[in-house]
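Data block below; observations after.
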Amino acid sequence: MSESPRLIVHHLEYSRSLRVLWLLEELGLPYEIKRYARDQNFRAPPELSAVHPLGRSPVVEVDGHVLAESGAIIEYFVERESGKLRPQEHEALLQYRFFLHYAEGSAMPPLLVQLLVEKIRAQKVPFFLKPITGKIGDGIEK
Ligand SMILES: N[C@@H](CCC(=O)N[C@@H](CS)C(=O)NCC(=O)O)C(=O)O
């Protein structure tokens, strides 16, 4: 009996690599997970940069490649599995492609800005600086 090839998901906690794990579950593909904890600044640890120069998650090792970018990883597996999960009908295919790109292209940037604003607001600063950090947050949010 032949063993299935090794597929490793480099999974950072609280991250987009959940998308890849979800996809692999839907496709029924066996995989291993290497877990990474975020540091005190909520950043990825340096070990991830040793796997891929972007130093971000998700990263997947598969078929002799090291793949990064969640959208590219998703396309790789959908194509590799003979288009499983990709709609055939034209309108549905347009929607599929729209949402694949919408996630990173349009949905994530404002969410990241919101995260940044919340971090600025939560920053511990002397009380007389609070109005200033508040104004910075308001200014970015506009
Ligand atoms: N556009 C990339 C974004 C990758 C990315 O920024 N991942 C975040 C987690 S959701 C990360 O690794 N952050 C840790 C850091 O930047 O230090 C993708 O879709 O894979």
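The values are calculated or read from the model by the stated rules, or taken from the named source; none is laboratory data. Model, not experiment: these values are computed from the prediction. Counting neighbours? That spans all protein chains shown, and the Cβs are built from the backbone with ideal geometry, glycine included. To get the accessible areas, we keep the full protein, side chains included, count just its heavy atoms, and leave off ligands, DNA and RNA. Shrake-Rupley method; radii C 1.70, N 1.55, O 1.52, S 1.80 Å.
Only residues that are touching a Ser or Thr at 6+ places or on another chain (Cβ under 7 Å) and either touching a residue at least 40 places away in the same chain (Cβ under 8 Å) or among the basic types (Lys, Arg) (or both) were counted across region 108-124, and they come to 1. Restricting attention to region 32-47, and to residues there that are touching a strand residue (DSSP E or B) at 6+ places or on another chain (Cβ under 6 Å) and among the aliphatic types (A, V, I, L, M), which single residue is surrounded by the most Cβ atoms within 10 Å (Cβ to Cβ)? Filtering region 32-47 for residues that are touching a strand residue (DSSP E or B) at 6+ places or on another chain (Cβ under 6 Å) and among the aliphatic types (A, V, I, L, M), the one surrounded by the most Cβ atoms within 10 Å (Cβ to Cβ) comes out as ALA44.
Would you check which residues across region 110-142 are of a type in the set (A, V, I, L, M) and under 21 Å from PHE42 (Cβ atoms) and list them? Working first, answer last.
Here is the first cut: in region 110-142, the ones of a type in the set (A, V, I, L, M) are 111-113, 115-117, 120, 122, 125, 129, 132, 136, 140.
Across region 110-142, the qualifying residues are LEU111, LEU112, VAL113, LEU115, LEU116, VAL117, ILE120, ALA122, VAL125, ILE136, ILE140.
Scanning region 119-128 for residues that are loosely packed, with under 11 Cβ neighbours inside 10 Å and part of a helix (DSSP H, G or I) turns up ALA122, PHE127, PHE128. Residues in region 9-31 that are under 13 Å from the mean Cα position of the chain (by Cα), buried (at least 17 other Cβ atoms within 10 Å of the Cβ) and more than 9 Å from the ligand (Cβ to nearest atom): VAL9, HIS10, HIS11, LEU23.
Say whether the condition of being open to solvent by 80 Å² or more (accessible area, probe 1.4 Å), out of contact with any Gly (no Cβ under 6 Å at 6 or more places or on another chain) and of a type in the set (A, V, I, L, M) is met by at least one residue in region 96-106. No, region 96-106 has no match at all.
Taken as a whole, the structure places LYS135 among residues that are in a helix (DSSP H, G or I) and either open to solvent by less than 80 Å² (accessible area, probe 1.4 Å) or not aromatic (Phe, Trp, Tyr) (or both). Can you spot a residue in region 66-73 that is open to solvent by less than 70 Å² (accessible area, probe 1.4 Å), in contact (Cβ under 8 Å) with a residue 40 or more places away in the chain and not hydroxyl-bearing (Ser, Thr, Tyr)? Yes, that holds for at least one residue.
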